[in-house]
Amino acid sequence: MEIKDVIDGVKEIKEEQSDPEVAHLLEDNLYEQVLTEIAFGNCSDPKTFAKEALKTQNIPFRHWYA
């Protein structure tokens with residue numbers, strides 16, 4: 001995973017914000033991918049990856065939990 005993948009993931013979530021279920025699923029998947037990369041030492045810059053991923057918190061959509 002490259003930082004571009006994280007940035008693209010955030011953009012995809014923004015594009016899907018009108019469908020909160022899809023946006024939330026994409027956000028969960030992005031967070032899992034970033035955390036996995038960090039946990040297994042495959043991330044060149046963990047702090048930057050995390051900061052980019054957390055930008056989803058600024059995208060307005062309802063978070064649904066079942």
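General observations
- Taking Cα atoms only, the orientation of helix 3-15 departs from the longest principal axis of the chain by about 0 degrees.
- Accessible-area ranking of GLU27, GLU32, largest first, probe 1.4 Å: GLU32, GLU27
- With each label modelled as a point 7 angstrom along the Cα→C-beta vector, the GLU12-GLN33 pair spans 0.5 nm.
- Working note: Cα atoms of the chain, range along each principal axis, descending, whole Å: 33, 23, 15.
- Accessible-area value, PHE49, 1.4 Å probe, nucleic acids and ligands omitted, Å²: 10 Å²
- In this label model, ARG62 and LEU25 are separated by 1.7 nm, measuring between points 7 Å along each Cα→Cβ vector.
- Accessible area of VAL34 in the full protein assembly, 1.4 Å probe (Å², nearest 10): 10 Å²
The values are calculated or read from the model by the stated rules, or taken from the named source; none is laboratory data. Since the model is a prediction, treat every value here as computed from it, not as a measurement. Here the Cβ is made from the backbone with ideal geometry for all residues, glycine too, and neighbour counts use every protein chain on show. Just so you know, the surface numbers come from the protein's heavy atoms only, side chains and all, with ligands and any DNA or RNA stripped out. Shrake-Rupley method; radii C 1.70, N 1.55, O 1.52, S 1.80 Å.
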